[in-house]
1. Filter the range B:152-169 for residues that are within 14 Å of chain A (Cβ to nearest Cβ), surrounded by fewer than 16 Cβ atoms within 10 Å (Cβ to Cβ) and assigned to a helix (DSSP H, G or I) and give the result.
2. Write out, first by first residue and then by second, each pair whose Cβ atoms fall under 6 Å of each other, whose residues are 6+ apart or on separate chains, and whose first residue, in the range A:23-38, is of a type in the set (Ser, Thr, Tyr) while the second is crowded, with 23+ Cβ neighbours inside 10 Å.
3. Report whether or not residue B:208 is within 9 Å of chain A (Cβ to nearest Cβ), in a loop (DSSP other than H, G, I, E, B) and within 22 Å of residue A:54 (Cβ to Cβ).
4. Mind listing whichever residues of the range A:163-179 are more than 8 Å from chain B (Cβ to nearest Cβ), within 19 Å of residue B:155 (Cα to Cα) and surrounded by fewer than 23 Cβ atoms within 10 Å (Cβ to Cβ)?
5. Please specify each residue of the range B:170-205 satisfying the condition of being under 30 Å from residue B:144 (Cβ atoms) and more than 9 Å from chain A (Cβ to nearest Cβ).
6. Closer than 30 Å to residue A:58 by Cα and of a type outside the set (Asp, Glu), is that true of residue B:159?
7. Among the residues in the range B:192-200, are any in contact with a His (Cβ under 8 Å, 6 or more places away or on another chain), under 30 Å from residue B:145 (Cβ atoms) and not aliphatic (A, V, I, L, M)?
8. Check whether at least one residue in the range A:26-36 is more than 20 Å from residue A:153 (Cβ to Cβ), of a type outside the set (Ser, Thr, Tyr), touching a Cys at 6+ places or on another chain (Cβ under 8 Å) and within 11 Å of chain B (Cβ to nearest Cβ), and report yes or no.
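Rule-based calculations on the coordinates, nothing more; no lab input. What you see is a predicted model, and the numbers here were worked out from it, not measured in a lab. As a convention, Cβ positions derive from the backbone with ideal geometry for all residues, glycine included, and neighbour counts pool all protein chains shown.
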Amino acid sequence: MDYASLDDREVVALACKGREAAFRELLSRYERPVFSLVVRMVRDATLAEDLAQEAFIKAFHALGSYDPRFRFSSWLFKIANNLTIDHLRKKQLDTVSMHGAPGAQGEEEEARSRIVLADGRETPEEYTANRELGGRIEAAISRLRPEYRTAILLRHVEGHSYEEVAEIMEVPLGTVKTYIHRGRHELKDLLAGVAA
Amino acid sequence: MPAPRPPSHGPTSGHPSGERLEAFAAGEVHGAMAREVEGHLAGCARCRAEVEGWTLLFGDLASLPERGPSGDFVGRVMAEIEGLTQPEPARRPLPVPTHASGLKGLADRVRDGAGDLLWGGVRALRRPRAAPAAPGGAGTRHLTPAGIQDFIEGQLAARTEVRVLDHLAGCPDCSNQVEGWSVVLARLDALPRLAPRPGFADAVMARVEVQAVAAVAARQARAPAWAAALGSRVLAGASRLVPVTRRGWVAAGTLMAMPTVGLLALVAAVVTNPVVGFGDLVTFLGWRVTDALGGLAAGTLALFTETRLAAALWQALFAFVQASPLALSLFFLLTMGTVAAAAVVVYRNLYRPHEAGETHVQALS
């Protein structure tokens with residue numbers, strides 16, 4: 001059976017009947033989006049993998065309670081987001097990865113997201129010349145509040161609509177718009193301040 | 001001193017500079033330089049993403065239609081210019097009578113000063129307003145950052161979008177703001193999805209009990225739909241009552257503590273009563289609790305003994321006691337066998353690790 005051609009709801013229905021291939025199909029569809037969201041929230045590749053695994057395990061064990069009237073991706077992201085937010089609240093992380101975005105695959109992706117900081121031996125001109133576009137964005141995103149970060153990532157990286165982001169984050173639509181607008185404003189200021 | 005890290009972006013890093021990529025996206029790079037950039041883009045996903053971001057931005061900017069000013073634009077501009085160059089009205093001094101030559105100079109100074117104050121105010125009231133009428137209609141204000149973002153994302157209603165376009169046609173500040181925000185949004189849209197390490201899916205599947213999930217799903221599917229809907233509604237309603245903020249938890253805790261506080265206050269009021277002592281209160285409460293427990297026990301016992309089932313059980317028990325020794329032995333052996341089997345089942349399912357999906361029936365095999 002070609003699971004790739006089936007809708008999410010159909011794959012979930014097959015998974016509820018005990019088809020392991022259906023579970024793997026769901027994993028192949030959503031492991032990157034879920035991991036992308038979590039890793040940019042916690043900024044630690046190992047921790048992000050653990051949290052993403054927990055999210056999938058929790059979602060799969062609760063597949064019986066999934067309501068097909070709603071999008072599977074929204075339901076899955078809601079679980080992953082809640083898990084990540086709970087972890088951040090407990091740990092109150094405030095670390096920044098210096099060696100490229102966590103989870104960056106390959107030298108190009110890592111170089112693109114590497115955060116280059118002046119170490120005192122570089123002149124300001126060398127620091128500015130060594131910094132690259134991708135790294136600025138990743139560093140700026142890491143400095144946003146968790147809720148702003150989640151809303152921005154769900155909107156721009158995953159391409160969810162405002163309504164879907166509100167459903168995933170379980171906040172009103174107006175709150176989502178506020179989060180996104182304020183998050184973008186902070187990003188714009190951070191990027192402008194770095195470029196100044 | 002460690003060797004300096006080679007720049008990751010620039011002529012010596014192997015990647016074209018940001019300015020060159022921008023110019024390439026704008027179609028301003030030609031000839032050998034363009035071929036060099038194209039060759040690099042063929043093998044560099046990062047630079048391709050940057051060029052794509054610039055292309056999107058230029059595409060959005062290029063799609064903005066050119067619109068001319070509405071109404072008598074020239075006439076309004078000229079009216080503003082004429083208003084700014086209008087001659088000030090002649091100062092009209094206040095008539096202040098003077099009675100003596102010694103006071104004339106003072107009176108003149110007072111008159112002039114008062115006249116300055118008075119006619120200065122009149123001139124301010126008469127001065128034409130400096131705020132220019134924005135093209136596109138009276139009352140149009142500059143765009144807010146949120147409005148600009150909604151405009152770029154196409155979230156505005158059609159009529160509002162038309163007004164915004166009309167405003168942008170004549171407002172370079174807002175146009176620059178739109179350009180700046182477009183760059184930010186394009187950069188965000190160009191963020192890549194990051195992948196976990198290989199083996200992620202296997203690690204997840206190793207911890208998922210597929211058959212257990214299927215069993216739970218089947219059980220939930222058999223439940224009546226109305227029960228599931230009711231259950232979900234109850235849960236949803238209950239979840240709304242759970243506080244989210246710290247203030248909410250403080251308020252909820254205060255409400256929950258109020259009955260206890262009230263009871264303690266009542267006890268304190270009783271205890272501090274000169275007629276009733278604390279010992280009397282304890283004795284009274286003890287009587288009440290004892291009465292309640294006794295009534296509960298009597299009612300429960302009557303529930304089980306004053307029924308037909310209880311009578312039948314008593315009769316069966318008497319018959320059993322009067323049965324033959326052989327029957328009693330067989331019954332004893334059956335009971336012991338059942339207890340032993342139950343112990344095995346409990347041991348296999350609770351204490352011994354078992355394979356995923358194994359049920360108690362299979363454990364006996």
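1. Once the filter is applied, which keeps residues that are within 14 Å of chain A (Cβ to nearest Cβ), surrounded by fewer than 16 Cβ atoms within 10 Å (Cβ to Cβ) and assigned to a helix (DSSP H, G or I), the range B:152-169 yields nothing.
2. A:30/A:76; A:36/B:194
3. Working: within 9 Å of chain A (Cβ to nearest Cβ): yes; in a loop (DSSP other than H, G, I, E, B): yes; within 22 Å of residue A:54 (Cβ to Cβ): yes.
Spelling it out, residue B:208 is indeed within 9 Å of chain A (Cβ to nearest Cβ), in a loop (DSSP other than H, G, I, E, B) and within 22 Å of residue A:54 (Cβ to Cβ).
4. Of the range A:163-179, the ones more than 8 Å from chain B (Cβ to nearest Cβ) are A:163-176, A:178-179.
The next check asks that each one be within 19 Å of residue B:155 (Cα to Cα); those that pass are A:163-167, A:172-176, A:178-179.
Within the range A:163-179, A:163, A:164, A:166, A:167, A:172, A:173, A:174, A:175, A:178 qualify.
5. The first filter runs over the range B:170-205 and keeps only residues under 30 Å from residue B:144 (Cβ atoms), leaving B:170-191.
Within the range B:170-205, B:170, B:171, B:172, B:173, B:174, B:175, B:176, B:177, B:178, B:179, B:182, B:186 meet the criteria.
6. Values: closer than 30 Å to residue A:58 by Cα: no; of a type outside the set (Asp, Glu): yes.
Spelling it out, it is not the case that residue B:159 is closer than 30 Å to residue A:58 by Cα and of a type outside the set (Asp, Glu).
7. Of the residues in the range B:192-200, the ones in contact with a His (Cβ under 8 Å, 6 or more places away or on another chain) are none.
Scanning the range B:192-200, I find no residue that is in contact with a His (Cβ under 8 Å, 6 or more places away or on another chain), under 30 Å from residue B:145 (Cβ atoms) and not aliphatic (A, V, I, L, M), so the answer is no.
8. no
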